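Here is the structure we will look at.
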Amino acid sequence: MNYAIELKGITKTFGSVVANDNVNLTVARGEILSILGENGSGKTTLMNMIAGIYFPDHGQIFIDGEEVVIRSPKDAFQYKIGMIHQHFKLVDVFTATENIILGLKDQGKYNLKKAAARVKEISEQYGFEIDPTKKIYEMSVSEKQTVEIIKVLYRGADILILDEPTAVLTPQETQKLFAVLRKMRDSGKAIIIITHKLHEVLSLSDRVSVLCKGKYVGTVNTAETNEMALTEMMVGKKVTLNIDRSAPKDPQKRLEVKDVTCLNREGVKMLDDVSFTAYSGEILGIAGIAGSGQRELLESIAGLQKLSEGDIYYHNPKTGEVDDLRNKTPMQIRDLGVRLSFVPEDRLGMGLVGNMDIIDNMMLRSYQRGKTMFLERKKPKNLAEDIIKQLEVVTPSAHTPVRRLSGGNVQKVLVGREIASSPTVLMAAYPVRGLDINSSYTIYNLLNQQKEKGVAVIFVGEDLDVLLELCDRILVIGSGHITGVVDARSATKEEIGLLMTKTTAVKEENENENA
Amino acid sequence: MQAILASLISFLPRAIMQGTPLLYGATGEIITEKSGHLNLGIPGIMYVGGISGAAGAFLYEHSVDVMNPALAILIPLSCALVGSLLMGLIYSFLTVTLRANQNVTGLALTTFGIGIGNFFGGTLAKLSGTGETSLSLPQTKILFKTSLPFAADLGWFGSVFLSHGFLVYLAVVIALIAAFVLGRTRVGLQLRAVGENPATADAAGVNVNRYKYVATCIGSMIAGLGGLYYVVDYMGVWANDGFGDRGWLAIALVIFAVWRPHVGILGSYLFGGLYILYTVINIGVAEQELFKMLPYVVTIIVLVVTSIREKRESQPPASLGLAYFREER
């Protein structure tokens, strides 16, 4: 039998970095293959070579048994290969249809109406819901993803590659996507999916191929494996994947958010009458669809967002006083020990300066403390070296610009710096975004350690499984409202998923019982 | 009332004449910017278009006794196109292939283009042996300025709209074609995608670098025609530094027109009118310069308004000024 795609001995280097080293891979029609690997193990690079974005240094690619050369995305389309990238490749000011037909040449006259009709037809065939004339910038993440998928289907792709498609979806949306993917598999398409989430791998795929540090480790049938075995293949050693959640010790009121409302620049309410309390020694999770007000909430606490109504009270553990953070500057709030580590989608957007090295990024937090006009470099240097050692940051040296580190390592530097200042409130937003399983657990353990030290940890996460395992309580936010507060030890994923899509507020009645 | 109307009828054609070089420059720059390249070399390219055309016309005028009207038009026209194409190629090679900083490259090209214009302008003037510092092209001007024979019989309508040489109408036609191509064709869609998000266009199978090269070169050639128009039609004389700051005005017009070539048509005549408004208002030399600022003031107002409205469609192409490299990590 010929495979839809067969890779033999693929090698790709970027400068001195070997991204893929002699990788072999096969996928057949009518099957879903998962590709698993830590960050920087070369999964995306490998897929980009099939999609024509990169060109391999060595090795061969076979399609249906014939050797092919894929020099550009256009070549890939000819072989009916379509890739849905992790960072969507869509033009924001174009409509769905315009994005879908972009780059197509072969269909006679330029006719947007006809194309829109075809888009509708495809979406009905697979059970998508999409408005072909809607502009991309007005769409939600899952709508954008739908456009991406229709884009490759429109081109008649029968080999689909999806790079972390579920990273930004709610559980319900993920289930919908999986249903569509299964439908496609059953209609004879070959599907490759990259994901970090082991339970998704197990529930969706037929086979799993594992990469580790650019090398091909092996392929197993999904039915014959389990989470532990896969992780071991991925990391190359046995790892324990559990979070020791201890009961909160002596919880004290630390942060009280009262009736907070805030508007964005267009005057739309991003937070609407939000109230909750964060206690010391507990991890308060925040769950919600991306863009429901999580960012605004954390920024309000950090003093970066103007409140139009409401107050935020900080119970100072050292003095016992209660401060209203509303009247304080971000700098004063920071000095109280309220720390924010926000990892935006592009990772470097807030908190780190990409072109500066690790030491200089440490200094961003401390440069004002110097007493002379010259910069104090010694302490930041020690701190940088400590973080590199303790968190196992992979970097040539402390003098490497942060931009050159891989995503996981950037996040370790950011979280490490915020933790190093011994905070009393630690807010971490998406700290494991795009991180592989091993690095993620390093971060979870760090947060857990902070909790045990009596820090009030606020954790905004995407993966509900993790939220349920790590947090003590979970606050669910939907369209700027608090739609529910649940006990993480007893709640279920479905329950939270439902609350996430609700848009009306519930008041926190059970607040005191949980505390 | 009669007097005001009469002065308006004499003012409008002049506004159109002033606006035409701006329209060429702006249309060229819009096409270039839609590919994601902010070509600040446009003023220099317009100079080069002007001097190439002037040189072609001058050499032809002096090499034959009786000029063939077709050749007398085609020679300067092709010289201007080739000259500005070369400038466009320099810019594209530096910014697309070598991924040099666009602003630095553009500014260097402007300095370079003005220098070239002045150098050859001075040399040719010396060659003419008249002892003048400027290059006079009387016969070529007559040919380029030829308008429809019945224009004079049509009263005010004829003198405002039909009394111009063909380059004035060509500018409008090019702007309309550019608007059509950008908005209504597959090529336009792909070009806009390249300027908005080259990685997306690339992944969709669009040859990004080819679009960037072609857009920049076509844009430069169109802009070069603006320089040609100024020299052989409007002035009929090449004088060093005579083109002034019209190149920058054309770039301001791009913003005024919110990257839409058809808006640029009216915008260019408005700019042209504002630019010479001081000639109809009786004021001293000192205040003239204040009036010449008006187009820029209007541009700033447009910038403020579009920024406040925050309409995504009125923003510059999203990756304007950024180099694209497929394998960047």
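A few notes on this one:
- Taking label positions 7 Å along the Cα-Cβ direction at both A:Ser422 and A:Glu66, the computed distance is 7.0 nm, reported to one decimal.
- With neighbour counts taken as other beta-carbon atoms within 10 Å, the residues B:Glu310, A:Glu31 rank, fewest first, as B:Glu310, A:Glu31.
- Residue-averaged beta-carbon neighbours from other chains (10 angstrom radius) around A:109-119: 1
- Segment A:433-469-segment B:47-76 distance, computed between alpha-carbon centres (Å): 75
- Taking the DSSP beta bridges with both ends in segment A:5-235, the antiparallel portion is around 55 percent.
- Spatial separation of Cα centroids for segment B:258-289 and segment A:279-311, in angstrom: 51
- Here, P(r) means the percent of Cα pairs in each 5 Å bin from 0 to the largest distance; for segment A:5-235 it is 1, 7, 14, 18, 20, 17, 12, 7, 3, 1, 0.
- Which of A:His399, A:His315 has the fewest Cβ neighbours within 10 Å, and the rest in rising order: A:His399, A:His315
- Angle in degrees between helix A:437-452 and the longest Cα principal axis of chain A, rounded to the nearest 10: 10
- Calculated FRET value between A:Gln78 and B:Asn282, using beta carbons and R₀ = 60 Å, to 0.05: 0.30
- Interatomic Cα distance distribution for segment B:206-280, bins of 5 angstrom, percent: 3, 12, 17, 24, 20, 12, 6, 3, 1, 0, 0
- Shielding by other protein chains, B:179-192, mean Cβ within 10 Å: 3
- For the residues of B:77-90, the average number of beta carbons from a partner chain within 10 Å of their own beta carbon is 0.
- Chain B: Lys pairs at Cα distance under 27 angstrom, eight or more positions apart or on different chains: 7
- For the cross-link pairs A:Lys43/A:Lys89; A:Lys80/A:Lys215; A:Lys328/A:Lys451; A:Lys249/A:Lys379; A:Lys371/A:Lys451; A:Lys306/A:Lys328, the ones whose C-alpha atoms lie over 23 Å apart are A:Lys80/A:Lys215; A:Lys328/A:Lys451; A:Lys249/A:Lys379; A:Lys371/A:Lys451.
- Within the protein assembly as shown, helix-based [θ] at 222 nm, where runs of 4 or more DSSP H residues each add -39,500 (n - 2.57), nearest 500: -14500 deg cm²/dmol
- Spin-label pair B:Phe119/A:Val18, simplified geometry with 7 Å Cα→Cβ offset, distance in nm: 5.2
- In this label model, B:Ile142 and A:Ala179 are separated by 8.2 nm, measuring between points 7 Å along each Cα→Cβ vector.
- Between the helical axis of A:112-126 and the longest alpha-carbon principal axis of chain A there is an angle of about 80 degrees.
- Stokes-Einstein translational diffusion, chain B - Kirkwood Rh over all Cα pairs, 1.567 mPa s, 4 °C, in µm²/s: 64
- Hydrophobic, long helices, defined as DSSP H runs whose alpha-carbon span along the helix axis is 27 Å or greater and whose mean Kyte-Doolittle value is at least 0.0, occur in chain B at B:2-34, B:42-63, B:69-92, B:102-128, B:208-228.
- For a label point 7 Å along the Cα-to-beta-carbon line of B:His62, residues of segment B:216-243 with backbone N under 12 Å: none
- Candidates A:Pro165, A:Met139, A:Val220 compared by Cα position along the dipole of segment A:120-227: farthest toward the positive end lies A:Val220, with charges placed on Cβ.
- Long-range tail of P(r) for the protein assembly as shown (Cα pairs > 38 Å, %): 54
- As a proxy for reagent exposure, ranking B:Asp245, A:Asp436 by other Cβ atoms within 10 Å from fewest up yields B:Asp245, A:Asp436.
- Using the Cβ-Cβ distance between A:His58 and A:Val220 with R0 = 35 Å, the FRET efficiency computed as 1/(1 + (r/R0)^6) comes to roughly 0.85.
- Sorting A:419-429, B:265-275 by their mean Cβ neighbour count within 10 Å, with the most densely packed peptide first, gives B:265-275, A:419-429.
- Top positive-direction residue, dipole computed over segment A:5-235 with Cβ charges, set A:Phe62, A:Val23, A:Ala115: A:Ala115
- Cut-off under 5 Å, modelled amide H: who pairs with A:Thr400 long-range: A:Ile358
Bear in mind that the values in this text are calculations on the coordinates, not laboratory data. Just so it is clear, the structure is predicted and the values come from calculations on it, not from any experiment. Please note: Cβ atoms are built from the backbone with ideal geometry, for glycine as well, and neighbour counts cover all protein chains shown.
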